[in-house]
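Colleague: Okay, handing you the structure first.
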Amino acid sequence: MKAASERRQFRRAELDVPVEIRPQDHPAAAPIMGQAKNISLAGLYCFVDDPCTLKQGDAIVCGLTIPPEQARFFPFTRVQGKGWVVRAEAIATGRRADDVPGPDKLIGLAVAFGPGVTALGSIDF
């Protein structure tokens, strides 16, 4: 049996960095703060606190900065741009599948970046 081919255009880096997300139609709104778990130039996956007003298909603006100690895992130090929510799913926070979720519920957001995403590299002097 042939293995499934990789559909991702860009390689993903497993990172744990803060991310700011705003709805595109309310760019002056307070950002929804999350924690990115993996990122590529095509998108990212992050956790945000529940309740979250974002849902699948929502247009967003997001930005994140890669800390120097994690910069070796990703070729850029800052990523910012527009995109959309591809998936929003409840994340179980217990240790076992049958655990009752605690008060700190999380939402997993898969975000796809649009073509105008800006990725800035580091400059060494």
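Read the figures in this text as sums done on the coordinates, not as results from a lab. As the structure is a computational prediction, the values presented were derived from the model and not from experiment. With ideal geometry, Cβ positions are generated from the backbone for all residues, glycine too; neighbour counts draw on all protein chains shown.
Colleague: Enumerate the calculated ³J(HN,Hα) couplings along segment 40-48 in order (Karplus 6.51 cos²θ - 1.76 cosθ + 1.60, θ = phi - 60°), each rounded to whole Hz, writing x wherever the residue is Gly or Pro.
Modeller: Going residue by residue, I get 9, 6, 9, x, 8, 10, 9, 9, 10 Hz, with x marking Gly and Pro.
Colleague: Select from V19, A92, L106 the residue farthest towards the positive end of the dipole of segment 13-120; place +1 on Cβ of Lys and Arg, -1 on Cβ of Asp and Glu, and compute about the Cα centre.
Modeller: V19
Colleague: Q70 versus T118, label points 7 Å from Cα toward the beta carbon: distance in nm?
Modeller: According to this spin-label approximation, the distance is 2.1 nm.
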